[in-house]
Amino acid sequence: MMRSALFQSLLLITAGTYLTCSPISNLMADSTTHLAVDLYQVLHCFKENIIHSPLGTALLLGMIQLGAKGKALNEIRHALNLQGNEDSEEFSLLLQTLFSVTSEKKEFTFNLANALYLQEGFIVKEQYLHSNKEFFQAAIKLVNFQDPKACAETISTWVENKTDGKIKNIVSSEEFGPLTRLILVNAIYFKGDWKQKFRQEATHDMDFTKRDGSVIKIPMMHLQMRTKFGNCSHGLYCNNVHYQVLELPYKGKEFSLVLTLPSEDVSIEEVEKLITAQLVKDWFADIQEEDVEISLPRFKMEQTVNLQEILHSLNVTEIFNGGCDLSGITESSEIHVSKAIQKVCIEVNEDGSEAAASSSTQMAAIMSMSHNQFAANRPFLFILKHNPTGSIVFMGRLANPEIENTRRRDMESL
């Protein structure tokens, strides 16, 4: 009888932020940035607004990697840009640094948690469990998947606790099949205060031009501050693509939000065609302190990503096949990953006072005369980065705030 492993990523990230160049291992910065860009290049073709967590994907692939062999292992290591044993040691160092962030009291909240839910009586190798505890601080929990309702409640409660109560009922009993034996769950929660506040009284409705050229009214926040900013131009020969890059600081400066805004005569697609891991690193390194007048939409975005489809596009296919070698997990030769889901939420507002998945963004405005204007009244990209490790926690695009604001009003009316 075939045994299948349900592989599920449950993520919450609520944000506003700041970006800076990070003096960490170039190897790990390269690895996480490459994965972020690879995932983005697949996702941006599917929806107007997109968001994904490269960090969450990397952690789950890393947890599977501990039990993978042969082709399955090689595909995962290639996706993570890990080639040798030294790279694996760097990956372990990255994990230690990230988990130390979660255990320290700081000016932000960053919860990073992993868990393995095992079917009672299903034999998993002790070394696999030990390695997940050591490297990923994964909790090991026994459940009975023959009682899907109880399992759904157990997992949903765990995620709710790890995300400060912001995500509830994350899975339903329909998620589990009769052959489910193992579920890997990953929860990431981020809540940070802006270093400088967008004053609520300065927020008012303004025009936003969508990708199709139509114009809508949306709440636009305003702020004048001194921060990292750059006018960029990239392309071939005379066909240069012009855009702006801006960072917004969180208190403590350990996390950063970088925004990339095409010029008014440039489409978001033209910028996306240029994106490489090296270009993203250049954005982080090349922007300089400037006085900037900032206009930024207030928005909240929630999205579910089918990681199985995305990973297939990145040539990670073997773990989803019935004959894959996951013998490092169990002696069973009939185990594979049957499902991979990532659920992500981001919220950007003035002060984070809203209850659901709030991103507390408390700041004090610095008024200054500036010739630099960053008016995000058209589609733009955003990246949340953990500066000490170089890890990109999430990456996305806001192309149509109307979709998210309509969904938000609908949810608030329930």
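The values are calculated or read from the model by the stated rules, or taken from the named source; none is laboratory data. Model, not experiment: these values are computed from the prediction. Backbone-built Cβ (ideal geometry, glycine too); neighbour counts: all protein chains shown.
Scanning the stretch 228-249 for residues that are touching a strand residue (DSSP E or B) at 6+ places or on another chain (Cβ under 6 Å) and more than 12 Å from Trp283 (Cα to Cα), we see that the one that is surrounded by the fewest Cβ atoms within 10 Å (Cβ to Cβ) is Asn240. Glu290: surrounded by 17 or more Cβ atoms within 10 Å (Cβ to Cβ) and either farther than 30 Å from Leu73 by Cα or at pLDDT below 85 (or both), yes or no? Yes, satisfied.
Residues considered: Glu160, Glu254. Of these, the only one that is modelled with pLDDT under 90, out of contact with any strand residue (DSSP E or B) (no Cβ under 6 Å at 6 or more places or on another chain) and either not charged (D, E, K, R) or not assigned by TED's automatic domain parsing to the domain that holds Lys385 (or both) is Glu160. Screening Val305 against (1) within 22 Å of the chain's Cα centre (by Cα); (2) in the same structural domain as Gly56 (by TED's automatic domain parsing); (3) surrounded by fewer than 15 Cβ atoms within 10 Å (Cβ to Cβ) leaves a single unmet condition, (3). Evaluating Met225 against the criteria (1) closer than 12 Å to Phe374 by Cβ; (2) surrounded by fewer than 16 Cβ atoms within 10 Å (Cβ to Cβ); (3) more than 26 Å from the chain's Cα centre (by Cα); (4) not β-branched (Val, Ile, Thr) leaves one unmet condition, (2). Of all residues being at pLDDT 60 or above, part of a loop (DSSP other than H, G, I, E, B) and more than 24 Å from Glu289 (Cβ to Cβ) in the stretch 378-414, which is farthest from the chain's Cα centre (by Cα)? Just the residue, please. Residue satisfying both the conditions and the ranking: Arg378. Within the stretch 331-346, restricting attention to residues that are part of a loop (DSSP other than H, G, I, E, B) and among the hydrophobic types (A, V, I, L, M, F, W, C), the residue that is nearest to Lys69 (Cα to Cα) is Ile335. Pull up the stretch 11-49, narrow it to residues that are aromatic (Phe, Trp, Tyr) and closer than 20 Å to Leu259 by Cα, then point me to the one that is modelled with the lowest pLDDT. That would be Tyr18. For the stretch 308-330, filtered to residues that are assigned to a loop (DSSP other than H, G, I, E, B), polar (S, T, N, Q) and touching a Lys or Arg at 6+ places or on another chain (Cβ under 8 Å), the residue that is surrounded by the most Cβ atoms within 10 Å (Cβ to Cβ) is Thr330.
Note on the stretch 250-277: among residues that are assigned to a strand (DSSP E or B) and within 18 Å of the chain's Cα centre (by Cα), the one that is surrounded by the most Cβ atoms within 10 Å (Cβ to Cβ) is Tyr250. Condition check for Gly230 on (1) part of a strand (DSSP E or B); (2) within 21 Å of Thr209 (Cβ to Cβ): one failure, at (2).
Filtering Gln137, Gln96, Gln127, Gln119 for residues that are of a type outside the set (D, E, K, R) and at pLDDT 90 or above leaves a single hit, Gln127.
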